[in-house]
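Step one of this worksheet: look at the structure below.
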Amino acid sequence: MTSILFLVSFLLHVMTFIFLKTLKDKVNLFDDLEAKQKSNIKEMEDLLAVYLIEIKEENDKLLHVLKENEQPKPRLNTKANHVDIQSNPKNNTKYELTSKPVYEDEMNKSKDYKEYSPPVDNNGQDVLEQSVASRVYSLHNQGNSVETIAKKLDCGKTEVELMLKFHRKNS
């Protein structure tokens, strides 16, 4: 009788050790998964930080370029010059002729421009096609059966039935 108890006790101990080993493996698997997730999160944070730095650098470059180009330099028109008469009190002469450059911006202000309208293509004509649902409804109203409608429109019988059911519900 004692030997049976020892045998049962031994089997229970072996099963307990197997259960504990399996449980420990699952916990280790969970810990490994958690460590991998933390490393993936760290990699993503580092990657996002690098992208953020690159975007900041590009923004700084853009701001620098915009600040440089903030005051546009007017372009000189070499074809025309404007002559202006000014008095000069420092000189013995009463008037002095000075030549001022005329800028293209000033010349463009005086011209009248028409608003741009894109060219219209009237060669193609609009083509209207009936939808599958409208063709189903018209064929059904003509008295065709569901099977013939499905064959004519090359679609499924159940699809035609569903369209007709929905049409009946909504009507």
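Could you please report the charge total around L164, scoring K, R as +1 and D, E as -1 over all other residues with beta-carbon less than 13 angstrom from its beta-carbon? List each step's numbers first, then the result.
Values: positive: R135, K157, K165, R168, K169; negative: E147, E159, E161.
Within the 13 Å Cβ shell, the charges total +2.
With label points built 7 Å along Cα→Cβ from the Cα atoms of E58 and L153, find their separation and express it in nm.
Here the modelled spin labels are 4.8 nm apart.
Arranged from highest to lowest average of other beta-carbon atoms within 10 Å per residue, in what order do the peptides 132-138, 10-16 appear? Intermediate results must be reported in sequence, preceding the final value.
On the way: 132-138: 15.6, 10-16: 10.0.
Result, highest mean first: 132-138, 10-16.
Can you give the local net charge around L48? Use residues other than it whose beta-carbon is closer than 12 angstrom to its beta-carbon, Lys and Arg +1, Asp and Glu -1. Please report the intermediate quantities before stating the final value.
On the way: positive: K42; negative: E43, E45, D46, E54.
Local charge sum for L48: -3.
Non-local amide H neighbours of C155 (under 5 Å, H modeled in plane, Pro and chain starts lacking H): which ones?
Under 5 Å from the amide H of C155: no residue qualifies.
Counting only other residues whose beta carbon sits under 14 Å from that of D154, what net charge do I get with K and R as +1, D and E as -1? Working shown, then result.
Working: positive: R135, K151, K152, K157; negative: E147, E159.
So the surrounding residues net to +2.
Readers should treat all values here as calculations from the given coordinates under stated rules, not as data from a laboratory. Fair warning: this is a prediction, and the values are worked out from it, not measured in the lab. All Cβ positions, glycine included, derive from the backbone under ideal geometry; neighbour counts span all protein chains shown.
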